[in-house]
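Engineer: Next up is a structure, given as structure tokens.
The values are calculated or read from the model by the stated rules, or taken from the named source; none is laboratory data. Small disclaimer: the values here were computed from a predicted structure and weren't measured. Here the Cβ positions follow ideal geometry from the backbone for every residue, glycine too, while neighbour counts run over all protein chains shown.
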Amino acid sequence: MEIVLATRNRGKVKEISKKLKIPGLKMLTLDDFKNIPEVVEDKNTLEGNASKKACEVHERTKYISLADDTGLEVDFLKGAPGVYSARFAGTGCTYLDNNLKLLKLMAKAPASKRGALFRTVIAVKLPGEKPVILQGVCRGKIALNLRGKKGFGYDPIFIPAGYKKTYGEMALTLKNRISHRGKALEKAKKYLLKLINKQK
């Protein structure tokens, strides 16, 4: 069975590919196809963006497609940046821009108010069916400064509950086991295994 990952984010491709190593499953990325435009993430929910990406990529490639959208919901900021996490610091911003803006907004937040939730929503689109929606969450807190150079996105400033290291300081194997995306991908893995077994 072949599936296309509806992203050009190399960090995501690396994490997803490692988590979804399944016998009988071949993963493709958007780099395997020509002239597929970037999907505009203009929905106001993570579910909406993930579904839109999965549907548009499926329509253009005709392959089963898997897309995700992730949001960091910070208690002190009343759930922001949420669905706007990737573009929190503005259009064309970098991961560092987003991290620095968040840390600046959190500068006066005491330790007891630095709680946050990372949430990933995955949409899997099969031909002729509505996308299947799967979700993973991870509670944690926002660090006082940037720590670690592994991973991507908000990894250098998010400390998962029960740990002292940020995602940015963790080995990918550990991060994949405990993270929001790792939990969502575990559900996706079980779902894809069922599909593969049905084809046998």
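Engineer: Tell me, which residue of region 2-24 that is in a helix (DSSP H, G or I) and in contact with a helix residue (DSSP H, G or I) (Cβ under 7 Å, 6 or more places away or on another chain) is surrounded by the most Cβ atoms within 10 Å (Cβ to Cβ)?
Structural biologist: The extreme case among them is Ile16.
Engineer: Looking only at region 165-194, count every residue that is free of Cβ contacts under 8 Å to residues at least 60 places away in the same chain and in a loop (DSSP other than H, G, I, E, B) and tell me the total.
Structural biologist: Residues flagged as free of Cβ contacts under 8 Å to residues at least 60 places away in the same chain and in a loop (DSSP other than H, G, I, E, B) within region 165-194 amount to 4.
Engineer: Follow-up. Which numbered condition trips up Phe76, out of (1) over 20 Å from Ala184 (Cα atoms); (2) assigned to a loop (DSSP other than H, G, I, E, B)?
Structural biologist: (2)
Engineer: Could I ask something else about it? Select from region 88-138 the residues that are surrounded by 15 or more Cβ atoms within 10 Å (Cβ to Cβ) and basic (Lys, Arg) and write down the one among them that is nearest to Glu47 (Cα to Cα).
Structural biologist: Among them, the one singled out is Arg119.
Engineer: Taking region 109-164 only, how many residues are in a strand (DSSP E or B), under 15 Å from the mean Cα position of the chain (by Cα) and among the hydrophobic types (A, V, I, L, M, F, W, C)?
Structural biologist: Residues that pass the stated criteria total 11.
Engineer: Is it the case, given these coordinates, that Glu56 is of a type in the set (Asp, Glu), out of contact with any Asp or Glu (no Cβ under 7 Å at 6 or more places or on another chain) and either more than 29 Å from Pro160 (Cβ to Cβ) or at pLDDT below 95 (or both)?
Structural biologist: Yes; evaluated as a whole, the condition is true for this residue.
Engineer: For Val57, are the conditions met, namely being touching a Leu at 6+ places or on another chain (Cβ under 9 Å), of a type in the set (A, V, I, L, M), surrounded by fewer than 17 Cβ atoms within 10 Å (Cβ to Cβ) and part of a helix (DSSP H, G or I)?
Structural biologist: no
Engineer: Now for a different question. For the structure I just gave you, tell me whether Ala111 is over 20 Å from Tyr95 (Cβ atoms), at pLDDT below 95 and either of a type in the set (A, V, I, L, M) or touching a Ser or Thr at 6+ places or on another chain (Cβ under 8 Å) (or both).
Structural biologist: Here the answer is yes, as Ala111 does meet what is asked.
Engineer: Something else about it: Consider Lys34 carefully, then state whether it is at pLDDT 90 or above and part of a loop (DSSP other than H, G, I, E, B).
Structural biologist: Spelling it out, it is not the case that Lys34 is at pLDDT 90 or above and part of a loop (DSSP other than H, G, I, E, B).
Engineer: Name the single residue, out of those in region 161-189 being exposed (fewer than 14 other Cβ atoms within 10 Å of the Cβ) and out of contact with any strand residue (DSSP E or B) (no Cβ under 9 Å at 6 or more places or on another chain), that is farthest from Ile142 (Cα to Cα).
Structural biologist: Step by step, filter region 161-189, then rank; the result is Thr173.
Engineer: Looking at region 13-40, which of its residues are basic (Lys, Arg) and in contact (Cβ under 8 Å) with a residue 60 or more places away in the chain?
Structural biologist: Quick first cut of region 13-40, residues basic (Lys, Arg) only: 14, 18-19, 21, 26, 34.
Listed by number, the residues that qualify are Lys14, Lys18, Lys19.
Engineer: Test Tyr63 against the criterion of being aromatic (Phe, Trp, Tyr) and farther than 30 Å from Asn197 by Cβ, and give yes or no.
Structural biologist: no
Engineer: Which numbered condition trips up Leu96, out of (1) outside any helix (DSSP H, G or I); (2) more than 16 Å from Leu126 (Cβ to Cβ); (3) aliphatic (A, V, I, L, M)?
Structural biologist: Of (1) outside any helix (DSSP H, G or I); (2) more than 16 Å from Leu126 (Cβ to Cβ); (3) aliphatic (A, V, I, L, M), only one is false for Leu96: (1).
Engineer: Any idea which of Gly82, Gly162, Gly151 is over 17 Å from Ala50 (Cβ atoms) and modelled with pLDDT of 95 or more?
Structural biologist: Numbers: Gly82 fails: over 17 Å from Ala50 (Cβ atoms); Gly151 fails: modelled with pLDDT of 95 or more.
Every option except Gly162 fails the conditions.
Engineer: Restricted to region 27-47, and to residues that are among the acidic types (Asp, Glu) and surrounded by 13 or more Cβ atoms within 10 Å (Cβ to Cβ), which residue is farthest from Asn9 (Cα to Cα)?
Structural biologist: So the residue we want is Glu47.
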